[in-house]
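No value in this document is a laboratory result; all are computed from the given coordinates. Just so we're clear, the structure is a prediction, and the values are computed from it rather than from any experiment. Using ideal geometry, Cβ is built from the backbone for each residue, glycine included, and neighbour counts are taken over all protein chains shown.
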Ligand SMILES: C[S@@+](CC[C@H](N)C(=O)[O-])C[C@H]1O[C@@H](n2cnc3c(N)ncnc32)[C@H](O)[C@@H]1O
C-alpha cells in the first residue's frame with residue numbers, strides 16, 4: 001500500500017473510533033509511571049510538543065498538573081476537532097508528524113505516545129530527524145511504541161480492540177531497531193522500559209518506551 005493510502009486509512013479509522021478512543025483513554029492508562037518519570041525531566045513553563053496527541057488528554061494533563069507550555073498536533077481532523085472541543089484552552093493544530101511546521105530548536109521536549117506506530121517503518125528515520133530539528137540542544141523525546149512479542153508478529157492491519165470491525169495499521173518495531181534509528185538521527189538513549197499488554201483492552205504487543213536526548 002502506498003504511504004498516502006496508508007495515512008488515509010489511519011485517518012479514516014480514527015474518524016470512526018474518535019469517540020470510543022476518548023472513552024478508552026478516560027478509563028485510565030497503564031503507562032502513567034513511565035510518563036510521570038519522563039515529566040520529571042522538565043520544569044514548569046518549558047515547551048513540550050505532543051505529537052499524535054489524539055483527543056488531547058495527556059496534553060491537557062501536562063498543562064494542568066505540570067504547568068508545561070504544551071502544543072498538541074495530530075493529523076486526524078476528527079481527533080483534532082474532539083481535542084479542541086474537550087479541551088478548549090489547549091493549543092491544538094492539525095499537522096503530520098512527518099512534516100513538523102515549527103522553527104528549529106523550538107521545544108524542550110517531544111512526547112510521542114503511540115503515534116509513530118501508525119507510520120510505515122520507512123518513514124521513521126526522517127520523522128526522527130524532524131523531531132531532532134525542532135528540539136533544543138539536549139532536549140528530550142519520549143516514544144511509546146508497539147514491539148512484537150514474537151517473530152510471527154509483523155507490521156500490518158490489526159483489529160481495534162474496542163471496535164473489531166475497524167482495522168488499524170500498526171508498525172511493530174523492536175528496541176534494537178528503534179534505538180539504532182534514534183542514534184542515527186542524533187539522539188543519545190537515556191532509558192528503555194517495557195510492559196506486557198493488557199490483552200482485553202490493548203493490542204497484543206509489548207509496550208516499549210524509549211526516552212532519548214538530543215546531542216548538542
Ligand atoms: C493511539 S492514538 C494516541 C493518542 C494519544 N497520544 C494518546 O496516547 O492518548 C494515535 C494518534 O496518532 C495520530 N497519528 C497517526 N499518524 C500520525 C501522523 N503521521 N501525524 C500526526 N498524527 C498521527 C492519530 O491520528 C491518533 O490520534
*Could you tell me the distance between the Cα centroids of the range 35-104 and the range 108-168, to the nearest Å?*
16 Å
*Under 20 Å from a label point 7 Å along Cα→Cβ of residue 151: give me every residue in the range 190-213 with its amide N that close.*
205-206
*Considering only the chain, what is the antiparallel percent among its DSSP beta bridges, to the nearest 5?*
55 percent
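Going from the alpha-carbon gyration tensor of the range 1-66, what semi-axes, largest first and in whole Å, does one get by taking the root of 5 times each eigenvalue?
27, 15, 11
Please report the equivalent ellipsoid semi-axes of the range 74-137, computed as sqrt(5 x eigenvalue) of the Cα gyration tensor, largest first, in whole Å.
Working from the Cα gyration tensor, I get semi-axes of 21, 16, 9 Å.
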*Of 62, 95, 1, how do they rank once you tally other Cβ atoms within 10 Å and put the fewest first?*
1, 95, 62
*asked:* If neighbour count is taken as other Cβ atoms inside 10 Å, put 198, 118, 66, 150 in order from fewest to most.
replied: 150, 198, 66, 118
*How do 32, 87 line up, fewest other C-beta atoms within 10 Å first?*
32, 87
*In terms of the Cα gyration tensor, with a ≥ b ≥ c the square roots of its eigenvalues, is the range 24-130 rounded because a/c is under 1.5, prolate because a/b exceeds b/c, or oblate?*
rounded
*Just need the relative contact order of the chain here, percent rounded to a whole number, with Cα pairs under 8 Å and 6+ apart.*
18 percent
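Divide by every residue of the chain the summed helix terms, -39500 (n - 2.57) for each DSSP H run of at least 4, and state the resulting mean residue ellipticity at 222 nm, rounded to the nearest 500 deg cm²/dmol.
My calculation for the chain gives -10500 deg cm²/dmol from helical runs alone.
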*Taking square-rooted eigenvalues a ≥ b ≥ c of the alpha carbon gyration tensor, is the chain rounded, prolate or oblate, where a/c under 1.5 means rounded and, failing that, a/b exceeding b/c means prolate?*
rounded
